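One structure is given here, and the rest of the page talks about it.
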Amino acid sequence: METHRDNKNYLKWSLDNTAQILQSAFSDSYIVVVRPSRMEYKTFSCFDNFVPSGNCGVPEHIPMHHSFEHLEMLLENVSNQLKDTEVTGDAKDLNRVNLRLIGFSKGCVVLNQFLYELHTLKSLALDEESRIISRIKDMYWLDGGHSGGKNTWITSKSILETLSTYGMIFFVCFIHKIIAYFSGINIHIHVSPYQIKDDRRPWIRKEEKAFYSTLTNLKAPIQRYIHSPDTLPSIYQHFNILDEFYKRHSADQSTT
């Protein structure tokens, strides 16, 4: 990032600094930042280890790429490295703690691939065999985008229905009332005009609207925030959503 003519202007949101922002937002958590497996033209992040991707990281989503399994192995590797440090306590074993998955910009394609695979595993009744899925409590989409012309957001109703009902438990009382309790995945959307108000890329706005409205209609536990809604789209605004996310999360925590 530092060596690129344009990207060096955004060093405030480098990988290391982003980790610091997330640590401030989730001070009681361990932060694991996953680097792209490759960078094209020092600009385009590619997460081939999680989702098949084209030259500039455009995702080619498939029903199964074993991305949950890959994440589980990454966390296991981090845990093994922590054993050689002075860190103490149960948090050393990252394959036992609850998880919040956060995707920013291109990183959201990884979350999207997770949804494809969750749907596949659920359809085959294999989701309970994946230990890591039951530990996912929150998923955050932060201004998702990529250089392709579609599939920035998941719009398949069947896939979103799987997400919305995952972990739903129904209790039937003797007074003939049905009480629904959701113990599954909380969904959080944070977007800026850079992505959803860019007339050159209208599909992003349409897909994000479909993603949110479909999950809302399915009664999924979902929150949505539009940051700086009255400003013109800019790349600065896009990166700054990381700071806005921290402020919003801190404000939400102070009211709970």
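The values are calculated or read from the model by the stated rules, or taken from the named source; none is laboratory data. Source: prediction; values computed, not measured. Note that we place each Cβ from the backbone using ideal geometry, even for glycine, and neighbour counts take in every protein chain shown.
Things to note:
- Scan the range 23-70 for residues that are assigned to a loop (DSSP other than H, G, I, E, B) and of a type in the set (Gly, Ala, Ser) and the total you get is 5.
- The requirement of being surrounded by 14 or more Cβ atoms within 10 Å (Cβ to Cβ) and in contact with a helix residue (DSSP H, G or I) (Cβ under 6 Å, 6 or more places away or on another chain) is not satisfied by Gly54.
- Strands (runs of 3 or more DSSP E) contained entirely in the range 130-185, each with at least 3 residues that are within 17 Å of Leu71 (Cβ to Cβ) and at pLDDT 95 or above: 136-142
- Of the residues Ala125, Ala91, the single one that is at pLDDT below 95 and assigned to a helix (DSSP H, G or I) is Ala91.
- Candidate set from the range 24-43 (those that are closer than 12 Å to Gly107 by Cβ and surrounded by 14 or more Cβ atoms within 10 Å (Cβ to Cβ)); member that is nearest to the chain's Cα centre (by Cα): Val34
- Of note, Asn49 does not satisfy the criterion of being among the polar types (S, T, N, Q) and farther than 17 Å from Leu75 by Cβ.
- For the range 209-243, filtering for residues that are charged (D, E, K, R) and either more than 20 Å from Leu160 (Cβ to Cβ) or in contact (Cβ under 8 Å) with a residue 60 or more places away in the chain (or both) leaves 2.
- Condition met for Val78 (assigned to a loop (DSSP other than H, G, I, E, B), touching a residue at least 12 places away in the same chain (Cβ under 8 Å), touching a Leu at 6+ places or on another chain (Cβ under 7 Å) and hydrophobic (A, V, I, L, M, F, W, C)): no
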